[in-house]
Amino acid sequence: MSAFELRALLADASQNGTYFIDVRDREGLDEIARESGFAVAAIDLAGCRDKDEVLDRFAAALRFPDWFGRNWDALADCLGDLSWWPAEGYLLLLDRVDAWRAAEAGQFTTLLEILDAAAATWSAQRVPFWTLVPLSAQALDEVIEPD
């Protein structure tokens, strides 16, 4: 996909959501999104052992306000607001999720549900909101074709 096609896709709020991508396609996504006026947060989940660490990394990367309550409901509230971070659109990149996803599959599913709900909220406002989860080819195959 060309940079022009990617910009057009990212601008289409009707396509908002959470998507798994090949890690080899990760490079340059943040730059293209920023050039389109998006706020971009790369959230590195390497080494996360539990939900609290994941929430802390989201809070730091998205510069959450002091009222962030460090729980799933508070994450949903913050992702549905983002008034402290005005932009034409939003791109979240969840990097190196493999270990936490494998160790905490239920928590990972909860996170994906929250991200998809935020994407739907922003879509209704016609604001692009994307979460991309780069995975290795093997992990991507497992997500696409689970056992």
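Taking Cα centroids, how far is region 1-32 from region 61-120 in Å? A separation of 18 Å, based on Cα centres. Extension gain for the segment Glu5 to Glu31, taken as residue separation times 0.36 nm less the Cα-Cα distance, is 7.9 nm to one decimal.
Each of Leu45, Ala60, Gly17 was placed along the dipole of region 1-101 (beta-carbon charges, centred on the mean Cα), and the one lying farthest toward the positive end is Leu45.
Quick one, which of (i) 9.8; (ii) 8.4; (iii) 10.8 is the actual mean projected area of the Cα convex hull in nm² calculated for this model? Of the labelled values, this structure produces (ii). Normalised by 2.2 N^0.38 Å, where N is the number of residues, the C-alpha radius of gyration of region 1-82 stands at 1.23. Modelled this way, with points 7 Å down the Cα-to-C-beta line, the labels at Asp22 and Thr109 are 2.9 nm from one another. For the pair Trp84 and Gln138, the difference between a 0.36 nm per residue extended length and the Cα-Cα distance amounts to 15.7 nm. Based on the Cβ-Cβ distance of Asp50 and Ala76, what FRET efficiency does E = 1/(1 + (r/R0)^6) give at R0 = 22 Å, to the nearest 0.05? The value I calculate is 0.75.
FYI, it's all coordinate maths here, none of it is from the lab. Note that the structure is predicted; figures quoted are calculated from it, not measured. FYI the Cβ positions are ideal-geometry reconstructions off the backbone, even for glycines, and counts take in every protein chain you see.
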